[in-house]
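Worksheet for the structure shown next.
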Amino acid sequence: MRLPVLVATLAALIASQAQAEVRFGRNVRIGGHDFSHQTYGPKRSAVIHLYDRRPARQGCRWIRRPGGMTRVCHLKTRR
C-alpha cells in the first residue's frame with residue numbers, strides 16, 4: 001500500500017527538477033496572438049492566460065521573480 005505513494009512522491013520530485021528551453025520559430029501563434037521568435041528558459045518564463053471575453057488586465061507584462069523574469073499575458077482568444 002505504501003509503495004504506490006512512494007513511487008508517486010519520487011516521480012513528483014524528479015519531474016519538478018526538470019528544466020527546458022523553448023524557442024519559438026516563425027509563425028507561432030497562441031490563441032491567435034503572435035509569439036514568433038521568442039525564447040523562454042529557466043531564467044525567463046511565460047504564463048499565458050486565454051479568455052473568451054475581454055480580460056480585466058489585458059496585455060502582457062514582465063514581472064520580476066526570485067528565479068528570473070516572468071512574462072504574464074492576459075489575452076482574448078482570436079479565431
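If you scan segment 31-54, which residues turn out to be free of Cβ contacts under 8 Å to residues at least 24 places away in the same chain and within 16 Å of Arg79 (Cα to Cα)? Once the filter is applied, which keeps residues that are free of Cβ contacts under 8 Å to residues at least 24 places away in the same chain and within 16 Å of Arg79 (Cα to Cα), segment 31-54 yields Asp34, Phe35, Arg53, Arg54.
In segment 21-34, the residue that is nearest to the chain's Cα centre (by Cα) out of those that are surrounded by 14 or more Cβ atoms within 10 Å (Cβ to Cβ) and not in a loop (DSSP other than H, G, I, E, B) is Ile30. All conditions in (1) open to solvent by 100 Å² or more (accessible area, probe 1.4 Å); (2) at pLDDT below 70; (3) of a type outside the set (Val, Ile, Thr) hold for Ala12, with the sole exception of (1). Using the structure shown, decide if Ala18 is assigned to a loop (DSSP other than H, G, I, E, B) and at pLDDT below 60. Here the answer is yes, as Ala18 does meet what is asked.
The values are calculated or read from the model by the stated rules, or taken from the named source; none is laboratory data. Keep in mind it's a predicted model, so treat the numbers as computed, not measured. Please note: Cβ atoms are built from the backbone with ideal geometry, for glycine as well, and neighbour counts cover all protein chains shown. Keep in mind that these areas ignore ligands, DNA and RNA; they rest on the heavy atoms of the full protein, side chains included. Shrake-Rupley method; radii C 1.70, N 1.55, O 1.52, S 1.80 Å.
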